Amino acid sequence: MPGMLYVVATPIGNLDDITARALRVLREVAVIAAEDTRHSARLLQHFGITTPLVACHEHNERDQGGRFLARLQGGEDVALISDAGTPLISDPGFHLVRQARASGIRVVPVPGPCALIAALSAAGLPSDRFVFEGFLPAKTAGRLARLEQLKEEPRTLIFYEAPHRLLDCLADLERIMGADRLAVMARELTKAFETFQGLPLGELRAWVAADGNQQRGECVLLVAGWQAPAENSVPAAALRVLELLLKEMPLKRAAALAAEITGVRKNLLYQAALEHQG
Ligand code: SAM
């Protein structure tokens, strides 16, 4: 009988989050394939687990895969873990899982912590439908291009981001999605300084920029999905034009001029001007 490949989730901060099943599987398998053996050795030591670790990271996963497959086919059980959270979720493991499945090996998930799910479960943004985008491209041009494609995505958007790119990423999100779009930053989940901050993107960027502590540690960014403007609503930019003109001229003239400048219907702007003054 071939062995089984267990895909085991491990804590993303708080070690108490490891599941009883994960501990049993990690104890019982013949070998653990780990993204970083030194990192995982500390986890295993904490729980008194002595199962041997073998490196399986993005650089050796394809080559190493054959060796794990041979052991699985020889009847040994193997557990796959990453540095934190669920393997394959912005972490190595995809090639090994695919090779194992293609070879008829049973692949068994042992679910547990995952930063995107933890963040979504407590962020207070719509969670019935969402899109996980992993890491955005590291360079601004690539990031802007990807965000442009996502600009009108109606589902909640979830991104992973590295601390040193957080501010640039927030600036690009604001630029493409608009300063008013609601976003939530979920930082240091399950750890001592766990923080959730939900603000419109413009305010969130300014809040993070003003506090160096918010630029450290690990974080998940969630952005509310795009909502089509109501048919009779005046876009925020047109309202700003209207407000400026209202300071300088009578209401009727301001509405007419704002309509010419912005292309928004004059009667809509006239109505908005009345509400503004009221
Ligand atoms: N496989 C992991 C999972 O299941 O969430 C994700 C690994 S990915 C390489 C690392 C990224 O996940 C970080 O840059 C951050 O965006 C997010 N992350 C991981 N742990 C986190 C935590 N405790 N709090 C907030 N974000 C975290």
Residue list for region 182-241, restricted to those being within 11 Å of the ligand (Cβ to nearest atom), touching a Pro at 6+ places or on another chain (Cβ under 8 Å) and of a type outside the set (S, T, N, Q): 217, 218, 219
Test set (1) charged (D, E, K, R); (2) closer than 21 Å to residue 20 by Cα; (3) free of Cβ contacts under 8 Å to residues at least 40 places away in the same chain - residue 83 fails condition number: (3)
Unmet requirement for residue 260, which otherwise passes all of (1) acidic (Asp, Glu); (2) outside the structural domain of residue 136 (by TED's automatic domain parsing); (3) within 28 Å of residue 157 (Cβ to Cβ): (3)
Residue list for region 95-127, restricted to those being without any contact (Cβ under 8 Å) to a residue 12 or more places away in the chain and over 19 Å from residue 159 (Cβ atoms): 98, 101, 102
Considering residues of region 136-145 that are assigned to a helix (DSSP H, G or I) and either among the β-branched types (Val, Ile, Thr) or within 16 Å of the ligand (Cβ to nearest atom) (or both) only, the residue nearest to residue 228 (Cα to Cα): 143
Cβ pairs under 7 Å, 6+ apart, first in region 201-230 and open to solvent by less than 10 Å² (accessible area, probe 1.4 Å), second β-branched (Val, Ile, Thr): 220/158; 222/156; 222/158; 222/184
Options 175, 146, 101, 129; residue that is over 30 Å from residue 2 (Cβ atoms), modelled with pLDDT of 95 or more and more than 17 Å from the chain's Cα centre (by Cα): 175
Selection count, region 1-31, where residues are away from the ligand (no atom under 16 Å from the Cβ) and hydrophobic (A, V, I, L, M, F, W, C): 10
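The values are calculated or read from the model by the stated rules, or taken from the named source; none is laboratory data. These figures come from a predicted structure and were not determined experimentally. All Cβ positions, even for glycine, are placed from backbone atoms using ideal geometry, and neighbour counts span all protein chains on display. Remember, those area values only see protein heavy atoms, side chains included, never the ligands or the DNA or RNA. Shrake-Rupley method; radii C 1.70, N 1.55, O 1.52, S 1.80 Å.
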